[in-house]
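A.B. asks: Just dropping this structure here.
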Amino acid sequence: MTDQAKPQSAKLLKTAHTHMPMGVADSYRYWGEDKTVFVKSTKGATITDCDDQEFIDFRLAYGPIILGYRDSRVDEEVIKAITQVGTISGFSTELDSEVATLIKDLCPQIEKLRFANSGTEAVLGAVRTARGFTGRNKIVVVEGGFHGLYDEMMWKSDVDNWDANTQAAPEVAAFGIGIPESSKEHLETVPLNDLEALNEVFERVGHDIAAIVIEPIMGNCGSIAATQDYIQALRDISDKNESLLIMDEVKTGFRVAKGGVQELYGIYADLTTYAKAMGNGYPVAAFGGKKDIMDKINFGKNGVTHGGTYTANMIALSAAKATLTLLRDTDALATVDANGRAIQERLGKVFSHFGIEHRFAGPDAMFGIHFGSFVPQNYRDWKQTDSELYTEFAFNLINKGIMLEPDSREPWFICEAHQNIDLDWLEATAMSAMQDAIETHKAK
Ligand SMILES: Cc1ncc(COP(=O)(O)O)c(C=O)c1O
């Protein structure tokens, strides 16, 4: 994983290669033969790898950990539920409505909802429901957004291979092979915060747009955020064209505010997707919104089909109940925000010390770092930031015991347990990581 010898991790990867493609269970976990991480234990804000190196973790499993790893307040409720009731029965339980009520308490735009097991499933359910309700086909997505790994959402604006000096839009490319060309037939892609592009797409195909799907703060693109005006324009244009507005809050939900992104903007979606923070690391998700839209879910040829063997299982829902109760009744999110602010302050000091122009983007609970003179307004702008210096800096941090995704498109995730970290150590570590990064950068 790091420059330190990692004999145990190397051994585990070698064995895993004989069982799984790339030796990993998710391709994004493969960081190369000498850098792929195998975790031995987690607690609070710390992970320990199989070679006993400890890291303060700002990756937090791509965002689900909001309280801290192995939070006993959540784990004990899960253990109680599965030992007293069981894991699944293929029937309903009391927990279904208990968790739904908690979500509705925190998110006033949710009138009815359904559960799912992952963010991908929640998005799929929301999109299908929107199509069923409107009887339309097209889905508008935003460049740089990510909505999970199912065919239709596996088309990305290929900014990596795009020439920033051209006026042409980046190519919309598949995430790989195996994705049928036909799966993008109903997809329309627009840049964030670009009203002209939004109007153009609605003028062209507005009559067939079922929904706009957006991460208003792009948790997969350095926390670049929609402006208030843009979100209002999305709301207005959806209403005018009788299309639905779907906010994908898989990363922001129950993290950036108790009521997610929509509480921050004060503008509400027709349908919303949730996952990650709602279970503090247990696999649980949901989608929901207006009652008349959600009630399209029903049997028969006029109903939208939704379900699944593991939907609303006891592990997922007991974890969600415990996590959401804590988020509702305690100051956990205020602590997360305070932690995020303190960490940005220390990092800002380090960047300024070296005279590096930098901007933080997004909320304190999930902030992006961009090396450059302005906050990117969309994915194309991100290309103008010095992401190579960032990656250099990130790998040096990892070497020194600070875990994060070495790509500036992935934000820093903050949890309640970060309140216990040593900020002086963080600052000193970041200082030496940046010193090394600058030297390597210069040498290139
Ligand atoms: C905004 C957003 N939507 C959907 C997903 C897919 O979620 P999952 O990985 O749980 O399927 C992700 C995953 O990172 C996400 O960030």
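The values are calculated or read from the model by the stated rules, or taken from the named source; none is laboratory data. Bear in mind that the values here come from a model prediction, so they are computed numbers and not experimental data. Glycine gets a Cβ as well: all are built from the backbone with ideal geometry, and neighbour counts include every protein chain shown.
A.B. asks: Grab the helices (runs of 4 or more DSSP H) fully contained in segment 336-444, keeping just those with 3 or more residues being under 21 Å from the mean Cα position of the chain (by Cα) and not assigned by TED's automatic domain parsing to the domain that holds Phe254.
C.D. replies: 379-382, 387-399
A.B. asks: When you check Gly145 against the structure, is it assigned by TED's automatic domain parsing to the domain that holds Ser223, of a type outside the set (Phe, Trp, Tyr) and at positive phi, yes or no?
C.D. replies: Spelling it out, it is not the case that Gly145 is assigned by TED's automatic domain parsing to the domain that holds Ser223, of a type outside the set (Phe, Trp, Tyr) and at positive phi.
A.B. asks: What's the total number of residues in segment 407-432 that are touching a residue at least 40 places away in the same chain (Cβ under 8 Å), closer than 18 Å to Gln53 by Cα and surrounded by fewer than 21 Cβ atoms within 10 Å (Cβ to Cβ)?
C.D. replies: 1
A.B. asks: Check Ile224, Ile231, Ile237 and return the single one that is modelled with pLDDT of 95 or more, touching a strand residue (DSSP E or B) at 6+ places or on another chain (Cβ under 7 Å) and assigned by TED's automatic domain parsing to the domain that holds Arg136.
C.D. replies: Of the residues listed, the single one that is modelled with pLDDT of 95 or more, touching a strand residue (DSSP E or B) at 6+ places or on another chain (Cβ under 7 Å) and assigned by TED's automatic domain parsing to the domain that holds Arg136 is Ile224.
A.B. asks: Need the failing condition index for Gly145 against (1) surrounded by 21 or more Cβ atoms within 10 Å (Cβ to Cβ); (2) in contact with a helix residue (DSSP H, G or I) (Cβ under 7 Å, 6 or more places away or on another chain); (3) in a loop (DSSP other than H, G, I, E, B), just the number.
C.D. replies: (2)
A.B. asks: When you go through Asn165, Asn137, Asn161 one by one, which is the residue that is polar (S, T, N, Q) and either in contact with an Asp or Glu (Cβ under 6 Å, 6 or more places away or on another chain) or within 16 Å of the ligand (Cβ to nearest atom) (or both)?
C.D. replies: Result: Asn137 is the single residue among Asn165, Asn137, Asn161 that is polar (S, T, N, Q) and either in contact with an Asp or Glu (Cβ under 6 Å, 6 or more places away or on another chain) or within 16 Å of the ligand (Cβ to nearest atom) (or both).
A.B. asks: Shifting gears a bit: Filter segment 156-174 for residues that are crowded, with 19+ Cβ neighbours inside 10 Å and within 20 Å of the chain's Cα centre (by Cα) and give the result.
C.D. replies: Correct list: Lys156, Ser157, Val159.
A.B. asks: Quick check, is Ala334 among the hydrophobic types (A, V, I, L, M, F, W, C), farther than 29 Å from Lys156 by Cβ and out of contact with any Asp or Glu (no Cβ under 9 Å at 6 or more places or on another chain)?
C.D. replies: It is true that Ala334 is among the hydrophobic types (A, V, I, L, M, F, W, C), farther than 29 Å from Lys156 by Cβ and out of contact with any Asp or Glu (no Cβ under 9 Å at 6 or more places or on another chain).
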